[in-house]
Amino acid sequence: MTLITPSHPSVPASVYAGRRSRLAKQMGTGSLAIIPTAPVQLRNRDCDFLYRPDSYFYYLCGFSEPDACLVVGGEGHSTLFCQPLDAAQEVWNGFRLGPAAAPAMLGVEAAFATSEMDAKLPDMLDGKDTVCYPFATHKGLETRVDGWLGQLRAKVRQGTLPPQHLGDLCGFLDAMRLIKDPHELSIMRHAAQISAAGHIRAMRLTARKLQAGQDLHEYHLDAELLHEFRHHGAQAQAYGSIVASGGNACVLHYRAGARQVNAGELVLIDAACELDGYASDITRTYPVNGRFSGPQRCLYALVLAAQQAAIASTRPGARLDDLHDAAVRVLAQGLLDLHILDANTVGGIEDVIDKKAYARFYMHRTSHWIGMDVHDCGSYVEPSERHIFSLRQDALTGQRVKHRPSCILRPGMALTIEPGVYVRAADDVPVAFHNIGIRIEDVAIVTDTGCELITRDVPVGIREIEALMHEAKGINR
């Protein structure tokens with residue numbers, strides 16, 4: 001088993017203790033939170049997937065070993081259950097921290113072996129009003145909690161007091177994780193720098209191989225990305241890298257294959273690393289031969305303009321939907337201007353937006369939260385307005401759906417901005433645009449006055465991309 005562990009831990013134990021204290025205050029006295037980490041997952045036969053701890057768990061204690069559980073009381077007392085020291089197992093799977101060393105190292109008040117949970121949890125729950133845990137995130141946890149509560153109920157005539165309420169811990173933790181602290185933002189900026197370097201490395205390889213007349217396949221670029229990520233200390237990819245050449249770029253979740261990358265095409269790369277538990281997320285689209293063709297240039301400029309409109313909308317007090325609406329308006333007008341959408345068929349820009357005619361070429365949202373998870377936790381609805389909604393008929397499905405006010409942006413929130421256009425070959429689309437897929441994605445941190453783009457170390461402008469590709473043709477490694 002291989003663990004994902006921080007290469008250079010940059011978050012002191014006091015920060016995790018502060019998070020646990022904040023959680024305890026939100027839960028209130030009389031509550032007890034149970035937060036397990038992720039289990040080891042079998043990949044095939046006797047080989048495991050690369051291990052990564054559960055994000056909620058890691059956020060609260062920074063502990064990366066499997067088979068562990070954190071218990072936080074509403075009064076602020078924290079207990080860790082972890083694997084005991086075992087010399088025989090440690091030979092195969094690496095050294096363990098162990099319960100004796102955990103309090104001093106992690107800042108928890110107590111620690112016990114995981115095997116003691118069933119004996120200790122009933123007593124820890126006795127007299128509590130509420131037991132909290134992350135709902136629907138750990139298979140079998142609910143059953144275990146039921147078992148501990150059952151033991152208490154069986155002894156009520158002896159004076160035990162089982163909790164009377166269940167609470168979903170995700171609500172508390174999602175709100176906390178939505179606003180990043182300085183330690184988190186520092187790691188995310190570093191992850192963004194490493195990820196940007198991976199994209200530049202892939203662009204340069206493309207230019208050099210084409211210049212040398214060598215074959216280039218999607219998997220070559222995938223390998224360059226992973227090399228750069230690991231070379232700079234990232235523990236893993238934040239998600240499976242998307243490396244799509246030619247028409248493959250019109251498949252949103254395409255994975256790098258064996259297809260040859262050909263001159264005259266575009267390559268879309270959506271890839272980033274995970275560093276010390278935090279993800280980055282970058283997408284760039286660039287011309288294989290170093291220069292955008294006329295149709296490619298027109299579509300790229302359109303997507304870039306849509307992203308710029310969304311970026312301009314990213315500021316405190318704005319709604320998350322404002323970003324998407326700004327990008328959609330630019331894309332809708334551009335699709336009409338380029339005659340990819342026929343105005344005689346779909347009408348004007350307001351018709352295109354109201355009927356979602358653009359969704360044939362832009363079918364995803366413009367933003368998602370990012371942090372410990374690439375699609376990070378956090379509500380997309382403004383919490384104070386969750387009970388406000390209107391019923392609308394979806395233009396594409398005809399179904400009536402509830403529309404709620406989207407989240408209000410606040411400083412410290414981190415999100416992606418990623419508009420795109422994907423034009424599959426079709427009889428009613430100009431041939432010049434067939435099989436062109438373009439997406440441009442950056443990570444933005446909401447600031448006091450607007451936003452900070454932390455992934456712009458990799459070029460995004462047409463001239464800058466073409467200059468990088470041209471310059472790379474003269475580089476020998």
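Computed from the coordinates by the stated procedures, all read-outs in this text should not be read as laboratory data. Not measured: the values here are computed from a predicted model. Every residue, glycine among them, receives a Cβ derived from its backbone with ideal geometry; neighbour counts consider all protein chains shown.
Per DSSP H run of n ≥ 4, the term is -39500 (n - 2.57); total these for the chain, divide by its residue number, and report the mean residue ellipticity at 222 nm rounded to 500 deg cm²/dmol.
Working: 14 runs with 169 residues, N = 477.
Using -39500 (n - 2.57) per qualifying helix, the result is -11000 deg cm²/dmol.
Quote to one decimal, in nm, the extra length available between Thr143 and Arg365 on full extension: 0.36 nm per residue of separation minus the C-alpha distance between them.
Numbers: separation 222, 0.36 × 222 = 79.92 nm, distance 3.64 nm.
Separation in residues times 0.36 nm, less the Cα-Cα distance, equals 76.3 nm.
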Q. Which far-off residues, 5 or more places away or on another chain, put their amide H under 5 Å from the one on Ile436, with H placed in the peptide plane?
A. Val423
Q: Could you pull the Cα extents of the stretch 237-359 along its three principal axes, largest to smallest, in whole Å?
A: 42, 40, 23
Q. In straight Cα distance, which aspartates and glutamates are under 16 Å from Lys128, not counting same-chain residues fewer than 8 positions off?
A. Glu75, Asp146, Asp168
Q) With no solvent and one point on each alpha carbon, what is the Debye value of log10 I(q)/I(0) for the stretch 168-278 at q = 0.21, 0.23 Å⁻¹? A) -1.06, -1.18
Q | Of Lys356/Lys402; Lys139/Lys402; Lys25/Lys155; Lys25/Lys139; Lys139/Lys180, pairs whose Cα-Cα distance is over 20 Å | A | Lys139/Lys402; Lys25/Lys155; Lys25/Lys139; Lys139/Lys180
Q.
List the chymotrypsin sites (Phe, Trp or Tyr not before Pro) within the stretch 79-141 that DSSP assigns to loop and that have no more than 11 neighbouring Cβ atoms inside 10 Å.
A. Phe95
Q | Under the Karplus curve 6.51 cos²θ - 1.76 cosθ + 1.60, θ = phi - 60°, whole-Hz ³J(HN,Hα) for the stretch 41-48, x wherever Gly or Pro sits | A | 10, 6, 8, 6, 6, 10, 10, 9
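Taking the square root of 5 times each eigenvalue of the Cα gyration tensor, what semi-axes in Å does the equivalent ellipsoid of the chain have, largest first?
Each semi-axis is √(5λ); the values are 45, 28, 19 Å.
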**Q.** Gain on full stretching of the segment that runs from Arg45 to Ser115 - 0.36 nm per residue minus C-alpha separation
**A.** 22.6 nm
Q.
If each residue of separation counts as 0.36 nm, what is the full-extension length gain between Ala426 and Val156 once their alpha-carbon separation is subtracted?
A. 90.2 nm
Q. When DSSP beta bridges are limited to those with both residues in the chain, what percentage is antiparallel, rounded to the nearest 5?
A. 80 percent
(Q) Can you compute the charge dipole magnitude of the chain about its Cα centre, using +1 on each Lys and Arg Cβ and -1 on each Asp and Glu Cβ, nothing else charged? Give it in debye, rounded to the nearest 20. (A) 220 debye
Q: Identify the residues of the stretch 335-359 with backbone N under 17 Å of a label point that sits 7 angstrom from the Cα of Asp394 along the Cα-to-Cβ direction, or state none.
A: 354-359
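Let's see if you can work this out: charge +1 on each Lys and Arg Cβ, -1 on each Asp and Glu Cβ, no other charges. What is the dipole magnitude of the stretch 13-176 about its Cα centre, in debye to the nearest 20? Don't skip to the answer; put the middle values down first.
Details: 15 positive and 18 negative charges, 54 e Å.
Charge dipole of the stretch 13-176: 260 debye, to the nearest 20.
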**Q.** Those chymotrypsin sites (Phe, Trp or Tyr not before Pro) in the stretch 12-64 that DSSP places in a loop and that have at most 13 other beta carbons within 10 Å
**A.** Phe49
Q. What's the exposure ranking of Ile445, Ile436, going from fewest to most Cβ atoms within 10 Å?
A. Ile445, Ile436
Q) Which of the lysines could be linked to Lys209 by a straight reach, that is with a Cα gap under 17 Å, when you skip same-chain ones fewer than 8 residues away? A) Lys473
Q) Bin by bin, in steps of 5 Å, what percent of the Cα pairs in the stretch 13-176 do you find, going until the bin that has the longest distance? A) 2, 9, 17, 21, 20, 15, 9, 5, 2, 0
Q: Report, in whole Å, the centroid distance computed from the Cα atoms of the stretch 148-218 and the stretch 305-332.
A: 25 Å
Q: Would you grab the residues whose amide H sits under 5 Å from the one on Asp54? Only those 5+ places off in sequence or on another chain, please, with H modelled 1.01 Å from N.
A: Ala38
Q | In Hz, Karplus ³J(HN,Hα) per residue of the stretch 168-177 (6.51, -1.76, 1.60; θ = phi - 60°; x = Gly, Pro) | A | 7, 5, 4, x, 5, 6, 4, 5, 5, 6
Q: Nearest 5 is fine: what % of DSSP beta bridges in the stretch 13-176 come out antiparallel, could you say?
A: 50 percent
Q | Selection from Ala212, Met188, Ala102, by position along the positive dipole direction of the chain (Cβ) | A | Ala212
**Q.** Dipole of the chain, positive end: most advanced residue of Leu60, Ala175, Cys82 [Cβ charges, Cα centre]
**A.** Ala175
Q. What are the ³J(HN,Hα) values, in whole Hz, obtained from phi via the Karplus relation 6.51 cos²θ - 1.76 cosθ + 1.60 with θ = phi - 60°, for each residue of the stretch 195-202 in sequence order, with x given for Gly and Pro?
A. 5, 4, 4, x, 5, 5, 4, 5
Q: Kindly provide the trypsin sites (Lys or Arg not before Pro) of the stretch 19-124 that DSSP labels as loop, not H, G, I, E or B, and whose Cβ sees at most 16 other Cβ atoms within 10 Å.
A: Arg45
Q: Specify the inter-centroid distance of the stretch 53-130 and the stretch 231-304, based on alpha-carbon positions, in whole Å.
A: 40 Å
**Q.** Interatomic Cα distance distribution for the stretch 137-201, bins of 10 angstrom, percent
**A.** 16, 24, 20, 18, 13, 7, 2
